Amino acid sequence: MRFMKGFVYLTAIFLLLVACSSEGASKVSSPDSLPTETNSPVGTITNNHSSDSDGNSPLPNTSLKEMNGTAGQLYGYTFEAMMQLDENLNTDMKYIAVDLNPLTQLTEADKLYILNYLEQKFSITVQDNTLEQLIEKEDLKEDLLVLEGTLLRIEKVELGEDTAVITGSKFRSGTGSVGTKIELILENDSWKVASAAMTWIS
């Protein structure tokens, strides 16, 4: 009889331990089962996309609601204004490339905002590349330097308390590029383009 009581007692303890273990395990999710949509703070990055057929990761989904006054908004608007100068350089382009390499103050959120903002504005692939990287990708020769897309570069930034003057260039080929000067102002904590002009033509 004592043996039976002891057996029942040990069995009850065992079942209790198994139940506790199962409850704890249910709270741990594998990376594949984690939710892809979260209530992220405005201006944060979430990735709700899988890789495309070529295995390349598509552009993450960036919140565009509240980036007012940030460096991401400043340069996103700057690149947009540059694209609207000498639109002949946009003819039959397959992509827009922006060289973000010199803009060391940008956060990852700023960079993703810029790429996503331009992609939505112009409905075309936007990538972060240098001229050298594009030349290598497209296997171009120096004497036949014609890109399949348009490359935007920043060369100088002058920041005031509520103003910015940004000079750069828009490049399509060795004989098809322009210098750009974009002036922006900060109003109500949001950047706005005040003027956009070409400074030279090649």
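For (1) basic (K, R); (2) closer than 12 Å to F79 by Cα; (3) within 18 Å of the chain's Cα centre (by Cα); (4) modelled with pLDDT under 95, each residue gets a yes or a no:
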{"site": "T130", "(1), (2), (3), (4)": "no, no, yes, no"}
{"site": "D139", "(1), (2), (3), (4)": "no, no, no, yes"}
{"site": "D143", "(1), (2), (3), (4)": "no, no, no, yes"}
{"site": "L147", "(1), (2), (3), (4)": "no, no, no, no"}
{"site": "S169", "(1), (2), (3), (4)": "no, yes, no, no"}
{"site": "G174", "(1), (2), (3), (4)": "no, no, no, yes"}
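Considering only the stretch 158-202, state which residues are in a strand (DSSP E or B) and acidic (D, E). Outline the logic, then answer.
Our first condition is that a residue be in a strand (DSSP E or B); within the stretch 158-202, this holds for 158-159, 163-173, 176-187, 190-201.
Matches in the stretch 158-202: E158, E183, E187.
Would you point out which residue out of L112, L74 is surrounded by 21 or more Cβ atoms within 10 Å (Cβ to Cβ), in contact with a Ser or Thr (Cβ under 7 Å, 6 or more places away or on another chain), over 21 Å from S202 (Cβ atoms) and touching a residue at least 40 places away in the same chain (Cβ under 8 Å)? Explain how you work it out, then say what you get.
Numbers: L74 fails: in contact with a Ser or Thr (Cβ under 7 Å, 6 or more places away or on another chain).
Unique residue meeting the criteria: L112.
Please verify whether E138 is closer than 16 Å to M93 by Cβ and exposed (fewer than 15 other Cβ atoms within 10 Å of the Cβ), treating the condition exactly as stated. Spell out how you get there, then give the answer.
Details: closer than 16 Å to M93 by Cβ: yes; exposed (fewer than 15 other Cβ atoms within 10 Å of the Cβ): yes.
Criteria met by E138.
Mind checking which residues of the stretch 93-144 are small (G, A, S) and closer than 17 Å to F171 by Cα? Give the steps one after another, and end with the answer.
Kept after step one, since they are small (G, A, S), are these residues of the stretch 93-144: 97, 109, 123.
Selection gives A97 alone.
The values are calculated or read from the model by the stated rules, or taken from the named source; none is laboratory data. All values derive from a computational prediction rather than experimental measurement. Positions of Cβ are generated from backbone atoms using ideal geometry, with glycine treated the same way; all protein chains shown enter the neighbour counts.
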